[in-house]
Amino acid sequence: MPLEKPVVFAGTVILADRLLENGVVVCQGGKITAVGAKDKVELPRDAEIVEAGDGFVGPGYIDIHVHGGDGADFMDGTPEAVVTVNRAHARHGTTTIFPTTTTGSKEQISAMLKSSLAVQRGWTSKDGARVAGVHFYGPYFAEDKVGCHSKAGRRDPDPAEYREHLDLGVIRIATCAAELPGAELFYREAARSGCFVTCGHSDASWNEMERAFRAGMRHVDHFWCAMSSVPSIRARFGTPSQGSMEQFVLMHAEMSTEVIADGCHLAPELLEFAYVMKGVKRLCLVTDANRAVDMPPGTYRFGPKADGEWFKSDGKVGSVENGSLASSVVSMDTMVRNMKELTSAGVVNAVRMGSLTPAELTGLAGEVGSVQTGKRADLLVLDRELNVKRVFIGGAEFTSGRKR
C-alpha cells in the first residue's frame, strides 16, 4: 500500500526534457503531488525526506519486452514465477513490466497469460514491478527467424487461438511476423482489442511491412536482431534488391523500434545510429532479459522450464550452441547506463528511452513514465553513474531481497 505520510525526494530531478538541480518531488497517497525547485515548493512539515545527495531522482523504468530473471521465466506459467521475475527487475529499477511470451504450446501460453493476470489483479508493492499487461510475443514467428525460441512452439497465426487469448483482456502488446499468412487479420484484431501492434522475428519485405502498417502495425522488436535485411530479402525474392524492415522503419516517422543496449547485442555505433535516426520519442530501451538475470554463469532454459531451448549465460549475455545470442542477462539499469555512456543521448534522454518513451508507445504516459505532478509515485534514487540505490513503486519503497 502507498505510504500515507508525505515523502519528499531531494536531489537533481530527471525530468522528461531536462535536469532540475536542487529539486524536490513531493509524494502522498501513491501519487506525485508537487515537483519543483527546492526553494519554490512548500514542503509538508511531517514529510519523510529521501535524500539523493549528489545523485538523481528519476522515474521508474518500463520494460515492454522481457522474459525472465532470478531463475524464473514468465513462461513457467505460475504466479510464483511471475512474481520472482517482477521482483528481480524491480531491484534494477523497473517499476512497470510487460511479461513477454515465447514460442510454446497453446496451453503453455494460456498458463502464462492467466498467471500474469492473477498477479496483476492481486498486485502489491512487495510483488515487484507492476504488470501493465502482457506482451504476446511468441509463437507467431517466421520459420527462419525463431532465434533462441523453441522451433517446435512456432506456428502461423490461428484466429481461434489468439481470439481466446485476447479475450482474457491482459494482452496489451501483440507481435507477429508480417509475412505470415493471417498476419494482417491478427494485427487488425489486436489493434481493435487496444494492443500496441508490433512485428518481430520476421523476414518481411518492404511490401509486406507496408501491408502490415495498413493493418495497424507501428513497431518492430529489437532492431537488427532476428529481423530482415536487404540480403535476406534478396535471398527470398531475387533481384532487383528490395527494402527490408530496417529501411521501412527508418523511412516512416510513425514507426518506432527498440534496442537491447547490453553492450553485447549491438555495437556503440549501431546504438548511436538508432538513436539519431529514430529519435528519443521513437526509440525505446528493452531488456529482452531471460531467467539468467542475477544468476551465476551456467546453462538455462529459455522459455518454459519444462522444455524450453537450452542456452548458456556467461554473466554478460546468453548464447546458444552455434554462437548466436540468446537474449540478455541484464536489466534496464544496465541498458540506461550504456545508452548514456556509449551514445550521445546523455542522462535525460537515456532515462527517457527507458521510461517515458515506452509509456507513450503503450498508452501509459498519463499514469507513469516521468516525474510529473499527478502521476504515480514510481521513483528511483540513482547515483551519479545511474546505479539504482532505492526503488519506490506507488510511493512505497521496494526492499525485497532475492528469493534465496
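The values are calculated or read from the model by the stated rules, or taken from the named source; none is laboratory data. The model shown is predicted, which means the values in this text are computed figures rather than measured ones. Neighbour counts run over all protein chains shown; Cβ positions are idealised from the backbone, glycine included.
Points worth noting:
- Which listed residue is of a type in the set (A, V, I, L, M, F, W, C) and more than 29 Å from S229 (Cα to Cα), from L168, L180: L168
- Pair list, Cβ under 9 Å, 6 or more apart: region 40-66 residue under 20 Å from E367 (Cβ atoms) and touching a residue at least 60 places away in the same chain (Cβ under 8 Å), other residue exposed (fewer than 14 other Cβ atoms within 10 Å of the Cβ) and polar (S, T, N, Q): none
- Single match in E258, E254 (criterion: closer than 27 Å to T343 by Cβ, in contact with a strand residue (DSSP E or B) (Cβ under 6 Å, 6 or more places away or on another chain) and at pLDDT 95 or above): E258
- Per the listing S202, S229, the residue uniquely within 22 Å of G104 (Cβ to Cβ) and not β-branched (V, I, T) is S202.
Residue-wise test of (1) part of a loop (DSSP other than H, G, I, E, B); (2) touching a Ser or Thr at 6+ places or on another chain (Cβ under 9 Å); (3) farther than 26 Å from A377 by Cα.
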| residue | (1), (2), (3) |
| --- | --- |
| E80 | no, yes, no |
| V83 | no, no, no |
| N86 | no, yes, no |
| A90 | no, yes, no |
| P99 | no, yes, no |
| I109 | no, yes, yes |
| M112 | no, yes, yes |
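- Only one of A90, A81, A132 that is within 19 Å of the chain's Cα centre (by Cα), farther than 30 Å from V26 by Cβ and crowded, with 24+ Cβ neighbours inside 10 Å: A81
- Residue count for region 6-60, restricted to those that are basic (K, R) and loosely packed, with under 13 Cβ neighbours inside 10 Å: 3.
- The residues of region 306-328 that are of a type outside the set (A, V, I, L, M) and assigned to a strand (DSSP E or B), listed by number, are E309, W310, F311, K312, S313, G318, S319, S327, S328.
- Any chance V280 is modelled with pLDDT of 95 or more and in contact with a strand residue (DSSP E or B) (Cβ under 9 Å, 6 or more places away or on another chain): no
- Just one of the listed residues (S110, S125) is assigned by TED's automatic domain parsing to the domain that holds R337, modelled with pLDDT under 95 and among the small types (G, A, S), and it is S125.
Condition check ((1) under 26 Å from A111 (Cβ atoms); (2) more than 19 Å from the chain's Cα centre (by Cα); (3) touching a residue at least 12 places away in the same chain (Cβ under 8 Å); (4) crowded, with 19+ Cβ neighbours inside 10 Å) across all residues:
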| position | (1), (2), (3), (4) |
| --- | --- |
| P297 | no, yes, yes, no |
| G303 | yes, no, yes, yes |
| G308 | yes, yes, yes, yes |
| T343 | no, yes, yes, yes |
| T357 | no, no, yes, yes |
| N387 | no, no, yes, no |
| V391 | no, no, yes, yes |
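- Residue check for P79: in contact (Cβ under 8 Å) with a residue 24 or more places away in the chain and more than 25 Å from V259 (Cα to Cα): yes
- Strands (runs of 3 or more DSSP E) contained entirely in region 1-75, each with at least 3 residues that are over 26 Å from R282 (Cβ atoms): 7-14, 19-28, 31-37, 48-59
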